[in-house]
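The values are calculated or read from the model by the stated rules, or taken from the named source; none is laboratory data. Model, not experiment: these values are computed from the prediction. Every residue, glycine among them, receives a Cβ derived from its backbone with ideal geometry; neighbour counts consider all protein chains shown. Only protein heavy atoms, including side chains, enter the accessible area calculation; ligands, DNA and RNA are left aside. Shrake-Rupley method; radii C 1.70, N 1.55, O 1.52, S 1.80 Å.
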Amino acid sequence: MNLNQLLVRAARSFPDRVAISHGTADYCDYGTLARRAAGLAGAMRGPLGLKVDDRVGLFMTNTPEYLEAFHGALHAGLTALPINNKLHEKELAYILDDAGAGVLIVTPDLAEKAAKGLEIAGSKARIVVVGDKEYAGFLAGDPMEMADRGDDDLAWLFYTSGTTGNPKGAMLSHRNLWEMTLTYFIDVDRVPTNGAALHPAPMSHGSGFYGIPHLAVGARQVVPESGGFEPDEIFELFQHHEEVSLFAAPTMVKRLVGHSGGGDAGNLRTVTYGGGPMYVADLKQALDRFGPKFVQVYGQGESPMCITVLPREDHVDTDHPRHEERLASVGYAQSVVDVKVADPDDNAVPVGEVGEILVRGAVVMRGYWNRPDASAESLRGGWLHTGDMGAFDDDGYLTLKDRSKDMIISGGSNIYPREIEEVLLRHPDVLECAVVGRPHAEWGEEVIAFIAPSEGTEVDTSALDQLCLDNIARFKRPKGYRVAAALPKNNYGKIVKRELRNMLEAEEEGDA
Ligand code: AMP
């Protein structure tokens, strides 16, 4: 069934409810959103010349029009291809070429970059700029009937963030997104009809996924006027809207916690965080600041938002004997997936042992776009191989142990950087840190910690060394520190360890 059925139903049954707010202002109701999406769909399949299943690129700043375009594509029976708007034009070109997008819908601020991307890709895709006269004509054009879609037809082609190699397009079907949507209500939160999904994070990623359960119940989606993450504005929107939920990367949570001007959190209901490691020290501060409002999800584009969940209750159950461990974990398997920690032959390893995390269930992608070999490899034996390493405890709580390539092997022992990072972050002078391995003639690898200091502080590495000695085995403690004003991040705010390793390599070359 076409996922856009949710919007069609909303328009029939509660057309006057506000569907989208732009900042504090109402932007449109459900009836209007559905009509615009159907008009745009008619244009895509008519004047824009797209056929069923063709890809429609969305290269857009977070704006209300993003939702028109996304639902327009689904309505028309096309595959939405949301693209991170911070990508470089060469990265954009790669995705456009790989996915073979026929139309690229852009916000005006990105039109030039989009044109360059198309040129590099040698693509003949049509650019449609939202807000201009042509676009207005499309919205007002003849609405089309919603296209019928089978469960396995593609809805969203999700390009992985590509911290290793070129990004690949995870093929997400209508069924995958229905599963993701329904699972939100079981595992993450119940959405009240007066609720609001706030989108400071890119809608091409987790925030966009979590807009759908809000649409499903006729709640509203709130797009900040700035189109992104501005703490002052976020706090203002917490005051203005009711029952506000948002998806946030851990770095965003940290910035909200540290924001001095914020005041109280107003009508904040739920912060779902994930997409990268949340360190215990940071999480505790966030709980102190905002109260019991946090839910963690662990997922990946290939199993959108759905691998494990650490629910709200576990965040605040401070009397539980394993409270701390739970805060350091990613929680237990979400209700619609089976999660296994396996050895290289895909056999489950005993509780407490580290292995690769495998997932199966109806939410898991169909495969990678145009990559039969990578798809077969990734989905072998009917399990998605996440590339993440982790271990279960007796209660089925999973702790992530860094991706396999980030693990350090020193003197024959496996060292998981996360464990050292957790300790270093307890020091108030450490704002951010990342631990990587550097090749070492005798030990194989040695541990190096990169530190970004908190504002106005200077990091005393001997204090950090002592902190490590007090908390973790000697062999794990960093043999060297590098202090930098900021750590390199990708477009989703994740620290790119590959770049840190390159920096160390460059140092070696400089020494030679
Ligand atoms: P993406 O496909 O861009 O969403 O990236 C997915 C990857 O982000 C996963 O494979 C994990 O390595 C990481 N990730 C996602 N959620 C979490 C989480 N809650 N804690 C730690 N890492 C996470």
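Per-structure values
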quantity: Residues (surrounded by fewer than 22 Cβ atoms within 10 Å (Cβ to Cβ) and away from the ligand (no atom under 16 Å from the Cβ)) located in the stretch 155-178; calculated: HIS174, ARG175, TRP178
quantity: Criterion violated by GLU91 - all others in (1) within 29 Å of ALA10 (Cβ to Cβ); (2) open to solvent by 10 Å² or more (accessible area, probe 1.4 Å); (3) part of a helix (DSSP H, G or I) satisfied; calculated: (1)
quantity: Members of the stretch 288-315 found to be touching a helix residue (DSSP H, G or I) at 6+ places or on another chain (Cβ under 7 Å) and away from the ligand (no atom under 16 Å from the Cβ), listed by number; calculated: ARG289, PRO292
quantity: Matching residues in the stretch 418-438 - criterion: being farther than 12 Å from VAL483 by Cα and touching a residue at least 60 places away in the same chain (Cβ under 8 Å); calculated: ARG418, GLU421, GLU422, LEU425, ARG426, VAL436, GLY437, ARG438
quantity: Among residues of the stretch 253-281, those that are over 13 Å from PHE235 (Cα atoms), open to solvent by 20 Å² or more (accessible area, probe 1.4 Å) and more than 12 Å from the ligand (Cβ to nearest atom), counted; calculated: 2
quantity: Residue in the stretch 346-353 that is at pLDDT 95 or above and under 30 Å from ALA101 (Cα atoms) present; calculated: no
quantity: Pairs with Cβ under 9 Å, 6+ apart, first in the stretch 344-366 and buried (at least 20 other Cβ atoms within 10 Å of the Cβ), second in a loop (DSSP other than H, G, I, E, B) and among the hydroxyl-bearing types (Ser, Thr, Tyr); calculated: VAL354/TYR416
quantity: Test: residue in the stretch 221-235 that is within 24 Å of GLU432 (Cβ to Cβ) and within 12 Å of the ligand (Cβ to nearest atom); calculated: no
quantity: Residue count for the stretch 334-376, restricted to those that are within 17 Å of ASN176 (Cα to Cα), in contact with a Gly (Cβ under 7 Å, 6 or more places away or on another chain) and of a type outside the set (Phe, Trp, Tyr); calculated: 5
quantity: Contacts under 7 angstrom Cβ, first residue in the stretch 285-314 being closer than 27 Å to ARG175 by Cα and in contact (Cβ under 8 Å) with a residue 40 or more places away in the chain, partner within 8 Å of the ligand (Cβ to nearest atom) and in a helix (DSSP H, G or I), 6 or more apart; calculated: MET305/GLY206
quantity: Selection within the stretch 63-83 - open to solvent by 10 Å² or more (accessible area, probe 1.4 Å) and part of a loop (DSSP other than H, G, I, E, B); calculated: THR63
quantity: ASP388 among the acidic types (Asp, Glu), outside any strand (DSSP E or B) and open to solvent by less than 50 Å² (accessible area, probe 1.4 Å); calculated: no
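For (1) part of a helix (DSSP H, G or I); (2) under 30 Å from GLN5 (Cα atoms), each residue gets a yes or a no:
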site	(1), (2)
PRO213	yes, yes
GLY218	no, yes
GLY228	no, yes
PHE235	yes, no
SER245	no, yes
LYS254	yes, no
ARG269	no, yes
GLN285	yes, no
ARG289	yes, no
